[in-house]
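Working notes for the structure below.
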Amino acid sequence: MRATPGQTVGPFFHYGLPYDGDRDLVPPGSVGAVRFGGRVLDGTGAGLQDALVEIWQARPDGTVPREPGSLRRDGWTFTGFGRASTGRDGRYAFSTLEPGPTEPGGAAFFAVTVFARGLMDRLFTRAYLPDDAAALAADPLLSSLPEERRSTLVARRDARGLTFDIRLQGADETVFLDLSGYRRP
Amino acid sequence: MNSTPVPAPDLEPQEAISARIAAIEAAHRADGEGRPQPALDYPPYRSSALRHPTKDLHHTDPETIEREAPCFGDRDVDPLEADLTIGGAGEPIGERMIIAGRVTDAEGRPVRRQLVEVWQANAGGRYVHKRDRHPAPLDPNFTGAGRCLTDDDGYYRFQTIKPGPYPWRNHHNAWRPAHIHFSLFGTEFAQRLVTQMYFPGDPLFALDPILRSITDPADRELLVASYDHDLTTHEWATGYRWDIVLGGSRGTLMENEGDEA
Ligand SMILES: [Fe+2]
C-alpha cells in the first residue's frame, strides 16, 4: 500500500500539539536531569520561532521505554518521548536523562524529528552524545558520512547539559535521515 | 464602503504561482523519477525557501530505538478529547461532522492503540491562535484541537465541525482549501506522520501550493477524504472516511545500489 504523504505542520500547531509538560521527560533539577536543547536555524542562520522538535530515546541503561504517560506526566515514569516548540529565537530545550547505548559498545543518541512552518515534511536526524570516541568512530551512520558532516550529528557538552543546533539549510546543514528501509539484512 | 484589503506589492499573483506549480509538476512527470512526497524544495510555497535541506536525505538503517515508537495509552487521552464539539458551553457554529478511518502500515496491518492528534480552523476559517489575523469570527464554543487512540483494529474517530477555507499570505489572494491537520505515530519511529486531510471536490485544490507540493496526483488523492453515508448519522452529523497508511521501514529491504554490504 502506498504511504500517506506528509504535509507541513503549518503556522497554527501551537494549540494542537504542545501540552503541559511536553518537554520535561523528567522534572527539571531532578536527579540525573540534563538540559538537551539548542536552536533550529534556517539557511541564513536565523532561528525559527515556529518549529517543533520531538525526541525519542533510550533510558540511561540503554533499554527502550515501553510505557505510556508522555501526555500526562506523573513525574516518575520515564517514557522516552518529548516534544518542544521553539521560542522567538529558535531555541528549544528538554529536561531529560541521557540515553545509554542500546547495544554494548554502541553510540548513544537521541532520535530527533523536526517540524516547522515552511518545512514541507518532517525531518529525522540523530543527536549523538559526544563522549565515547570509540563508539562514535565505529558507528555505521557516522562512519558513512564525510568528516565535515559528522559533527552536525554530535551534541556539544556544556555546563548545562547537551547542546544540539539543527540547521535546516546552509554550509553546515544538519544531516537528515532516510530511515525508510534496511540495506543490511 | 471599501473593505477590500489593498494587495501588498510584493505578493505574486495566483496566476504566477499556478504557472510555477504546473511547471514543476510537468518536470517531475517528464523525468519519471520517483521522489519523496512532498517535495522539500518547493518555491511556490514561499516560506520553504530557507527551510529546506539542500542535500539529499542520507540513508541509514534504523537502529534499535528507531525500530520502536513512543507508547501512548488510556492514561494519556480522555475519550472526550475525540469530540471537538463539546469544549464550550454551547454548540459550535457550522456543519457537524464525523471523520473516521483506519490507520495501517504499508502491509495493511492495523496500527493499534496509537495516538492521533488533530487541529483545525473553525467553520469560518479561523484558528484559535494568536498568529491567525484572518478577520473571521472566533467561535467561543470551538477550539479545534482533539486527540484519540486508535482501537484494536486501527480505527480512529472524531466528531468535529467542518473547517472553512482561509486566506494566507503566500501570494496575492491565496486561500487554503479546507483541511484538518493530523499527527500520527506508528509502531516505529520513522512512521511519524504529520499531514493534512482535505474534503472531496474542493475547488481550491488546483491553486494550493501546499497540497501541490505533492507532485504526483495519485499521492495527492491519498489526502482527500471521501463522503461516507454509513458514517453520517440521522439528524445529527455528516460523515467522512479517511484511511491513513504509515510508511516506515518495517520489512523493507532496500536494493544495495552496487555497494558491497
Ligand atoms: Fe491549517
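Quick notes on this structure:
- Stokes-Einstein D for the range B:160-250, Kirkwood Rh over Cα pairs, 4 °C, 1.567 mPa s (µm²/s): 87
- Euclidean distance between Cα centres, the range A:167-181 to the range B:151-200, Å: 25
- 25 °C / 0.890 mPa s Stokes-Einstein diffusion coefficient of chain B, Kirkwood radius on C-alpha pairs, µm²/s: 120
- Each Lys and Arg Cβ is given +1 and each Asp and Glu Cβ -1; about its Cα centre, the range A:2-102 then shows a dipole of about 100 debye.
- Other residues lying with their Cβ under 10 Å from the Cβ of A:Ile166 contribute a combined charge of 0, Lys and Arg counting +1, Asp and Glu -1.
- Rg followed by Dmax, in Å, when the range A:1-60 is reduced to its Cα trace: 15.3, 46
- Among residues other than B:Arg133 with Cβ under 14 Å from its Cβ, the summed charge is +3 (Lys and Arg +1, Asp and Glu -1).
- For the range A:127-185, dividing the convex hull volume of the Cα atoms by the residue count gives 108 Å³ per residue.
- Derived from the Cα gyration tensor, the three semi-axes of the equivalent ellipsoid of the range B:1-110 are 35, 32, 15 Å, largest first.
- If you bin all the Cα-Cα distances of the range A:82-185 at 5 Å, starting from zero, the percentages per bin are 2, 10, 20, 25, 22, 13, 6, 2, 0.
- Given +1 at the Cβ of Lys and Arg, -1 at the Cβ of Asp and Glu and no other charges, the dipole of chain A around its Cα centre is 280 debye to the nearest 20.
- Net charge over other residues, Cβ less than 12 angstrom from the Cβ of B:Ala27 (K, R count +1; D, E count -1): 0
- Computed from backbone phi, the HN-Hα couplings of the range A:169-182 come to 7, x, 4, 10, 3, 4, 6, 9, 10, 9, 10, 7, x, 9 Hz, rounded to whole numbers (Karplus: 6.51 cos²θ - 1.76 cosθ + 1.60, θ = phi - 60°; Gly and Pro given as x).
- Per principal axis, descending, Cα span of the protein assembly as shown in whole Å: 70, 48, 42
- Note: chain A, Cα convex hull, 148 Å³ per residue.
- Building the convex hull from the alpha-carbon atoms of the range B:60-168 and averaging its projection over directions returns 9.6 nm².
- Rounded Å value of the spacing that divides the Cα centres of the range B:41-57 and the range A:101-134: 21
- If you wrap the range B:190-230 in the convex hull of its Cα atoms and look at it from every side, the mean projected area works out to 4.0 nm².
No lab work stands behind these numbers, since they all come straight from the coordinates. Owing to the predicted nature of the structure, the values given are computational and were not obtained by experimental measurement. Here Cβ is always computed from backbone atoms with ideal geometry, including for glycine, and neighbour counts include all displayed protein chains.
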